[in-house]
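Shown next, in structure tokens, is the structure this report addresses.
The values are calculated or read from the model by the stated rules, or taken from the named source; none is laboratory data. Model, not experiment: these values are computed from the prediction. Cβ sites come from the backbone with ideal geometry, for glycine too, and all protein chains shown count toward neighbours. To get the accessible areas, we keep the full protein, side chains included, count just its heavy atoms, and leave off ligands, DNA and RNA. Shrake-Rupley method; radii C 1.70, N 1.55, O 1.52, S 1.80 Å.
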Amino acid sequence: MVNTIVQDIKTTENYILLTIKTEKEINIEPGQFVMLKLKQFDFGKPFSVIYQEGKIIKFLIAVVGKMTKEMKNLKIGDSLELRGPYGIPFIEKLHKNKKYVLLGGDCGSAPLIHFSEKYPELVREQIYGFVIPEIKKILNIKHLHIDIEEGINPLQKAENLNISNDDGFLVCGSLNFIKYTQKKFMDYKIFASLEARMGCGIGMCKGCPIKTNDGIKMICKDGPIFDLSEVDLEW
Ligand code: FES
């Protein structure tokens with residue numbers, strides 16, 4: 001467990017961009033996640049990193065439950081506990097002879113943005129899709145796609161990209177977003193970073209199972225990234 005201090009926090013109604021500083025440097029590879037715990041909670045929750053530089057780590061967080069609602073009230077100087085990193089880095093599973101279209105749905109964009117910073121040579125195109133423009137108040141990056149401004153969703157936009165048959169997709173978002181990507185781009189190699197309700201984060205509680213060609217795996221320990229041709233999303 002590593003103690004961390006809040007360095008900065010930006011909020012909108014539904015999102016938080018949280019910057020923390022760890023007491024010692026830890027290396028978090030794109031695709032890995034950490035468990036963050038507020039002191040008033042008994043358990044932590046998993047969060048993907050959007051940026052890391054040394055001891056400074058940023059998270060893009062959707063405000064969806066009790067803990068993330070409480071996180072909105074964090075102030076600079078407050079402390080948080082961090083466990084991890086956990087999960088297998090994207091780079092260990094991806095085929096390195098391909099370039100990837102990064103397709104993010106909502107805060108699922110965070111680990112893809114982290115990946116694009118660290119491995120730009122593996123990136124063909126990037127689309128980070130959000131439904132409403134609110135996100136622009138705290139996240140000012142290229143490749144943001146806002147559904148209601150553009151009148152199409154990120155998958156429709158991806159159809160118009162100039163991509164070759166050898167390119168792959170790296171997708172992260174809701175299960176439905178991943179399923180639609182699989183349906184639309186079935187001729188391509190697709191890797192997806194799957195989300196799950198997590199307890200332990202280390203493969204012990206068996207709370208995040210997924211059926212694969214190789215038997216039941218745990219998303220936290222064996223993923224979160226999987227080759228979609230090897231998992232059963234309907235299970
Ligand atoms: S969260 Fe416990 S096994 Fe995955």
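Would you mind working out the magnitude of the charge dipole of region 2-86 relative to its Cα centre, with +1 at each Lys and Arg C-beta and -1 at each Asp and Glu C-beta, to the nearest 20 Debye? Spell out each step's value before the answer.
Values: 13 positive and 10 negative charges, 39 e Å.
The calculation lands at about 180 debye.
Is region 53-149 best put as rounded, prolate or oblate by its Cα gyration tensor, with a ≥ b ≥ c the root eigenvalues, rounded for a/c under 1.5, and otherwise prolate when a/b is larger than b/c, oblate when not? Working shown, then result.
Numbers: a/c = 2.18, a/b = 1.27, b/c = 1.72.
Cα axes put region 53-149 in the oblate bin.
Kindly write out, for region 163-174 in residue order, the coupling ³J(HN,Hα) from the Karplus curve 6.51 cos²θ - 1.76 cosθ + 1.60 (θ = phi - 60°), rounded to whole Hz, with x marking Gly and Pro.
10, 9, 5, 7, 6, x, 10, 10, 10, 8, x, 5
Give me P(r) over region 90-230, computed from all C-alpha to C-alpha distances, binned every 10 Å, as integer percentages.
For region 90-230, the binned pair fractions read 12, 41, 34, 12, 1 percent.
Any idea what the dipole of the chain comes to, in debye rounded to 20, about its Cα centre with Lys/Arg Cβ at +1 and Asp/Glu Cβ at -1?
Values: 32 positive and 30 negative charges, 114 e Å.
It comes to approximately 540 debye.
If you average the C-alpha positions of region 70-87 and of region 158-183 separately, how far apart do those two centres end up, in angstrom?
Distance between centres, Cα-based: 32 Å.
Give me the accessible area per residue for the chain, probe 1.4 Å, as a whole number in Å².
Numbers: 11640 Å² over 235 residues.
I get 50 Å² per residue for the chain.
Enter the Cα centre distance for the pair region 186-235 and region 1-45, rounded to the nearest angstrom.
Going from one Cα centre to the other spans 23 Å.
Quick one: order Y180, Y86 from most to least accessible surface, probe 1.4 Å.
Values: Y180 130, Y86 45 Å².
Greatest to least solvent exposure: Y180, Y86.
Name the residues whose placed amide hydrogens come within less than 5 Å of the amide hydrogen of G203, ignoring near sequence neighbours (fewer than 5 apart) on the same chain.
K221
Less than 15 Å Cβ to Cβ from V63, Lys/Arg counted +1 and Asp/Glu -1: what total charge do the surrounding residues give?
On the way: positive: K10, K45, K66, K69, K72, K137; negative: E13, E70, D106, E134.
With Lys, Arg at +1 and Asp, Glu at -1, the net is +2.
Using a 1.4 Å probe on the protein heavy atoms only, what accessible surface does K98 show? Give it in Å² to the nearest 10.
40
With every protein chain left in place and a probe of 1.4 Å, what is the accessible surface of S229, to the nearest 10 Å²?
Result for S229: roughly 80 Å² accessible.
Considering only protein heavy atoms, what is the solvent-accessible area of Y15 at a probe of 1.4 Å, reported in Å² to the nearest 10?
So the heavy atoms of Y15 present about 20 Å² to solvent.
For region 2-86, what class follows from the C-alpha gyration tensor (a ≥ b ≥ c being the square roots of its eigenvalues): rounded when a/c is under 1.5, otherwise prolate if a/b is larger than b/c, else oblate?
Values: a/c = 1.37, a/b = 1.35, b/c = 1.02.
In terms of gyration-tensor shape, rounded.
Tell me, what % of the accessible area of the chain is carbon and sulfur with a 1.4 angstrom probe? Mind showing how you got there, number by number?
Working: 5510 of 11640 Å².
Percent of accessible area from carbon and sulfur atoms in the chain: 47.
For region 157-162, what does the Karplus curve 6.51 cos²θ - 1.76 cosθ + 1.60, with θ = phi - 60°, yield as ³J(HN,Hα) per residue in whole Hz, taken in order and with x for Gly and Pro?
Ordered by residue, 3J(HN,Hα) equals 5, 4, 4, 8, 6, 8 Hz.
With a Cα-only, solvent-free Debye model of the chain, what are the log10 I(q)/I(0) values at q = 0.15, 0.17, 0.18 Å⁻¹?
Debye curve over Cα of the chain, log10 I(q)/I(0) at q = 0.15, 0.17, 0.18 Å⁻¹: -1.03, -1.32, -1.46.
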